[in-house]
Amino acid sequence: MQRRSLIKAMGTGGLLAAPAFAATVKSTQSAALSFQAIDPARWSAFNAGELNHLMQTQGKTSHGYNIKRKPYAVFDWDNTCIMNDCEEALLVYQIDHLAYKLNQEEFAEVLRTGVPNGPFKVEAGYKNVEGKPVLMEDIAADVDADYRWLYTNYKGFGGTMSMEQIHATEQFKDFRAKLYFMYDAICDSHPIEIGYKWIIYFYKNMTPGELKALAEASNDYNLGDALRKVKMPSSGKFPGKAGQVVASHFFGVRIHDEIVNLMNTLRANGFDVYVSTASLDDVVRVFAGNAKYGYNVPAENVIGLRLEMQDGKYTNVYKNGWHFNWGPGKTVGIQRELLAKKGFGPALVAGDSDGDAWMLKDFADTKVGVVVNRLKTGEIGERSKSAAAAIWQSGARFILQGRNESTGIFVPDEKTLKYGKTDPQLLA
């Protein structure tokens, strides 16, 4: 009797609960289809409105949304998703930790890979402290000699000196300054493709796992480092063939929280999110994909530079047949990796420099191009002008987002405050 009554009560309870359960399912389904706005945070008010409008009209709550044809967004990485450049930060981190898998002969080869001999551009400031031109072959010889000394003496390479002792030497001071000077000089004296490829050749002989660990360590260190521009003089005691030079680096990296939120909100509204970078894709994948940084971009959604592999390790040979993913090359990357497979272009594109200027404009399906305002001229300057002229015009093709470069965070305005300046500007 008691058992039968209990069963009956349970059955009645189940019948009575059914409508409530159905209501819960319906509520859950409605929530799944509800529009999610971005956190306005430090977006300019106009930009926040335009981004929300895009997601409302293109996302899963819009009329005609097809989950099999999900709209998508493409973001540049360095200086768009973050403040500063994670691969340039990694270059300095690699130098400071002598984190190379290269013997002396291999380093000498990588150091010269793809870079023509001759003077760097004096008019761009690439001269020694005596005002004389710096030749590629001279400074390479100096850095080569420095590395050979470091390789012989550093404990990590089989020598006897600790890293602390190494850092105190004139040879390390010379190596650090001249190697970074070379990077800037190569980029500014030759087509950008030469410098952007050159920087990734130093990963030669690393496995993807080793590079991933190195990149993550660099990210974490630079996120905790102060934002500051520092001059790095080479050794005055050992001027070498090139003479004494002075390099400059903008230290520190910051996460752009508004981009993190935008990426996650886009996904919540039924968009896919991709990254297109002129850094090595495996380096950016560490930052874009590791959950602790918040961007949550799958590894396969990152399009960047690529190297040939040999026995599971990187080489100093650029991947055969793979485009150079910068400027017009970013359009090529989207065309071959996304448009060709999906049949349509991105609804949103975000960038900050000439490296992004073409992908911002080249696709008829793009409704909004977000320009992180770095007060640049050139091709990206033209996109910035278009954005500035369209502030508060609904349906603007380009929008301009300002930031404070001393703090590394967005500001709720289209104007940017450059590092070391006191007055924000709208355009260069």
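The values are calculated or read from the model by the stated rules, or taken from the named source; none is laboratory data. Small disclaimer: the values here were computed from a predicted structure and weren't measured. Reconstructed Cβ throughout: ideal geometry from the backbone, glycine too, with neighbour counts over all protein chains shown.
When 226, 215, 185 are checked against the criterion of being under 22 Å from residue 79 (Cα atoms) and in contact with a Gly (Cβ under 6 Å, 6 or more places away or on another chain), a single residue qualifies: 226.
Being surrounded by fewer than 18 Cβ atoms within 10 Å (Cβ to Cβ), in contact with a strand residue (DSSP E or B) (Cβ under 6 Å, 6 or more places away or on another chain) and polar (S, T, N, Q) is a description that applies to residue 153. Within the option set 243, 270, being buried (at least 18 other Cβ atoms within 10 Å of the Cβ), out of contact with any Ser or Thr (no Cβ under 6 Å at 6 or more places or on another chain) and either over 30 Å from residue 43 (Cβ atoms) or of a type in the set (Lys, Arg) (or both) holds for one residue only, 243. Summed over segment 385-428, residues that are within 20 Å of the chain's Cα centre (by Cα) and of a type in the set (S, T, N, Q) total 5.
Considering segment 303-321 alone, what residues qualify as being surrounded by fewer than 16 Cβ atoms within 10 Å (Cβ to Cβ) and not basic (Lys, Arg)? Residues satisfying the conditions are 308, 309, 310, 311, 312, 317, 320, 321. In segment 58-91, the residue that is nearest to residue 329 (Cα to Cα) out of those that are buried (at least 22 other Cβ atoms within 10 Å of the Cβ) and of a type in the set (A, V, I, L, M) is 74. The single residue among 305, 280 that is closer than 30 Å to residue 118 by Cα, touching a Gly at 6+ places or on another chain (Cβ under 9 Å) and among the hydrophobic types (A, V, I, L, M, F, W, C) turns out to be 280.
Residues in segment 290-313 that are over 20 Å from residue 210 (Cβ atoms) and part of a loop (DSSP other than H, G, I, E, B): 294, 295, 296, 297, 298. Checking each residue in segment 38-56 for being assigned to a loop (DSSP other than H, G, I, E, B) and farther than 17 Å from residue 263 by Cβ picks out only 44.
Somewhere in segment 132-149, is a residue crowded, with 16+ Cβ neighbours inside 10 Å, closer than 22 Å to residue 93 by Cα, among the charged types (D, E, K, R) and under 27 Å from the mean Cα position of the chain (by Cα)? Taking every residue of segment 132-149 in turn, none turns out to be crowded, with 16+ Cβ neighbours inside 10 Å, closer than 22 Å to residue 93 by Cα, among the charged types (D, E, K, R) and under 27 Å from the mean Cα position of the chain (by Cα).
Restricting the search to helices (runs of 4 or more DSSP H) fully inside segment 103-208 and requiring at least 3 residues that are outside the structural domain of residue 280 (by TED's automatic domain parsing), farther than 24 Å from residue 307 by Cα and of a type in the set (A, V, I, L, M, F, W, C) gives 136-153, 170-189.
Being in contact with a strand residue (DSSP E or B) (Cβ under 7 Å, 6 or more places away or on another chain) and surrounded by fewer than 17 Cβ atoms within 10 Å (Cβ to Cβ) is not true of residue 337.
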